[in-house]
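Here the structure is laid out as structure tokens; the discussion comes afterwards.
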Amino acid sequence: MSEIIIFAEIDGDGLHSTAGELISAGKKLAADTGNVVSAALIGGNQDLASQLISLGADKVYLANDDAIQKGVADAYLAALHKICINAEPTVVITSKTPIGRAVGPRLAYRLGSGIAQDCMDVSVDGDSGRVTATRPVYGGNAMAKFTFADKDPQVVIMRLKAFEALEPDSSRSGEVIEFELSLDDSDIKSKLVETVKEESEGVRLEDAAVIVGMGRGLGGPAPFSQLEELAKIFNGAVGASRAVCDAGWLDHSYQIGLTGKTVTPDVYITVGISGASQHMAGCSSSKNIVAINKDGDANIFKEASFGVVGDWEKVLPAFTETARELLES
Amino acid sequence: MSLNIIVCAKQVMDPETPLSAFHVDEAAKRVLPAQGIPPVVNGFCENAVEAALKIKEAAGDATITIISLGNNFVMDVMKKPLSMGADQMILIQDPAAENLDALGTATVLSKAIEKIGTVDIVICGQQASDWDNAHVPLGISEMLGMACLSEARSIDLGDGTVTVASSRSDGYDVFEAPLPCLITVSNEIGEPRYPTLRGIMQASRKSPETWTLNDLDLSESDVSPVLTLSELFIPASNRQCEIIEGEDDADSGRLLALKLREEKII
């Protein structure tokens, strides 16, 4: 039976949070195509393979090789390529993580097949039986649907959190296949020299459930502390628009947008952000957007679910104080 | 020994185009050029030019060649990398190459790089702000069998090797690869420099070479698509914004927090 292979990444000692999401994406396609969903677990162990099965994988390729170095795309690519040559999957799904977005495309080009990046959704085209991928283009100004031509595998890179992982269920059954890789030195051109951790205070933007966004409308760097105070109430993080970072008010590591980070918090509270498409490209998948801006015509109000049109200097302290009372009560 | 650096650069619609000027022809499945707003060189591609210039300054002797695949090139726009200090430019333009998918685009660009000859480093922006694919450069590296390091925030040239740092969510990773190597860069590599008056004068005297598919020994069938655009539309905002109005701004702020609590958002 034809397969859909998902690339299950490892994070520390466990599965990466995207592994379950990709299985769910694979299962959506499998429901229409009758394919099995297999997970390629490269550099993992039996325990992680069992976890993948409990998340819904029908089959796990457990592939190990001494040449696999964490964080180096070349080795994962060579391994996934070998698994694909052997299994001839119709679809390969990777996640838009640093490794997934390097491995997925290179695999597609290596096999001469098509690739759709940063997908929000996937489905099966009723007429052709081929995969249709939905993804934002032009910085999120437009949405596009791409349909794969008749060349396998169809390679899809999913945006993080586009699908929800199933609840793990240990009664699910599946097959674990130990896959012999025998990677060659020539498969791996680059090597990881070092990993440098940069201390950042508090929660990382990418992990934050609540983000407070700082816009040009705040007029200068000083209000940062007020935004930080609000973010702290929710154990959240502060992000910023490009204008704020370009002006030097905040470091570029705070930048959300097309030329910055893509974030998917539960709540994104924007203060003085106009909502230029450049910026929205990095935050449009937020579950809820809240806007505080003095310009009622600003684009941000087209994206937000709740908002206040007013002077942030008066709105924000009252908002922060009330939020604090509500969360403490 | 002189270093050969190639930078791929793309002409795109200005990403700062206001939404009111952004229109899609849904039937033709294309974005209409914004009236009165000239295109620009893709932002990350300008970062790539900047990275190449820095390498050239450090190495002393290097030739930077810009290649671009596109149509309706606006010469004043496309010459910017030359005014920044690049040495030469090749524009690839062909009616048969106007609607290529990413695989076709990578095929054309890698053929062009092969035609240029010995290459040490290919530098590209990590993604273009029109189709946001972020993978054509990776495809070029596969087709040319080059090492590939992506999303660089710094590049250091060694003896036959290159060292690149790439940002991660909690810091950065440092990679080393042998030359020739393809590197994609993020905006963290540094702001593109402004062209100097001298640079603009020099660029004005240079005329880019123009190549067609024929010059690259490619025919239309070599670049047939594996991915087809089936729909293109401006997403209808399904978010209806509820504006909270209190007696004054502070009251609005208070009511906003209460509302978010009521809706279980906070």
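The values are calculated or read from the model by the stated rules, or taken from the named source; none is laboratory data. Because the structure is a prediction, the values reported are computed rather than measured. Here the Cβ is made from the backbone with ideal geometry for all residues, glycine too, and neighbour counts use every protein chain on show.
Of the residues making up segment B:112-145, those that are within 11 Å of another protein chain (Cβ to nearest Cβ) and basic (K, R) number 0. Take segment A:90-114 and flag every residue that is surrounded by 24 or more Cβ atoms within 10 Å (Cβ to Cβ) and part of a loop (DSSP other than H, G, I, E, B). Within segment A:90-114, A:G114 is the sole residue that qualifies. As for segment B:222-239, it holds at least one residue that is within 30 Å of A:F146 (Cβ to Cβ), within 14 Å of another protein chain (Cβ to nearest Cβ), surrounded by fewer than 14 Cβ atoms within 10 Å (Cβ to Cβ) and hydrophobic (A, V, I, L, M, F, W, C). Every test in (1) closer than 27 Å to B:S150 by Cβ; (2) assigned to a helix (DSSP H, G or I); (3) in contact with a Leu (Cβ under 8 Å, 6 or more places away or on another chain); (4) away from chain A (no Cβ under 12 Å) is passed by B:T63 save one, and that test is (2).
Within segment A:178-199, the residues that satisfy the criterion of being assigned to a loop (DSSP other than H, G, I, E, B) and of a type outside the set (D, E, K, R) are A:L181, A:S182, A:L183, A:I188, A:S190.
Among all positions in segment A:301-318, there is no residue which is in contact with an Asp or Glu (Cβ under 9 Å, 6 or more places away or on another chain), more than 15 Å from A:G217 (Cβ to Cβ), more than 11 Å from chain B (Cβ to nearest Cβ) and among the hydroxyl-bearing types (S, T, Y). Scanning segment A:163-205 for residues that are more than 26 Å from the chain's Cα centre (by Cα) and among the acidic types (D, E) yields a total of 6.
The set of residues from segment A:208-230 being within 17 Å of A:K314 (Cα to Cα) and touching a Pro at 6+ places or on another chain (Cβ under 6 Å) is empty.
Residue-by-condition table, conditions (1) acidic (D, E); (2) in contact (Cβ under 8 Å) with a residue 40 or more places away in the chain; (3) not in a helix (DSSP H, G or I):
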{"residue": "B:A58", "(1), (2), (3)": "no, yes, no"}
{"residue": "B:A106", "(1), (2), (3)": "no, no, no"}
{"residue": "B:K115", "(1), (2), (3)": "no, yes, no"}
{"residue": "B:N133", "(1), (2), (3)": "no, no, yes"}
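Residues in segment A:66-113 that are farther than 25 Å from A:A31 by Cβ and of a type in the set (K, R): A:K70, A:K82, A:R101, A:R106, A:R110.
Looking at A:F224, A:F234, which is the one that is in the same structural domain as A:H279 (by TED's automatic domain parsing), surrounded by fewer than 20 Cβ atoms within 10 Å (Cβ to Cβ) and aromatic (F, W, Y)?
Result of the check over A:F224, A:F234: A:F224.
Between A:Q117, A:Q69, the distinction of being within 14 Å of chain B (Cβ to nearest Cβ), in a loop (DSSP other than H, G, I, E, B), touching a residue at least 40 places away in the same chain (Cβ under 8 Å) and out of contact with any Cys (no Cβ under 9 Å at 6 or more places or on another chain) belongs to A:Q69 only.
Select from segment B:146-193 the residues that are acidic (D, E) and more than 8 Å from every other protein chain (Cβ to nearest Cβ) and write down the one among them that is farthest from A:R204 (Cα to Cα).
Step one: list which residues in segment B:146-193 are acidic (D, E), which gives B:151, B:156, B:159, B:170, B:173, B:176, B:188, B:191.
Adding the requirement that they be more than 8 Å from every other protein chain (Cβ to nearest Cβ) leaves B:156, B:159, B:191.
Details: B:D156: 28, B:D159: 37, B:E191: 25 Å.
Looking at the filtered set, the residue picked out is B:D159.
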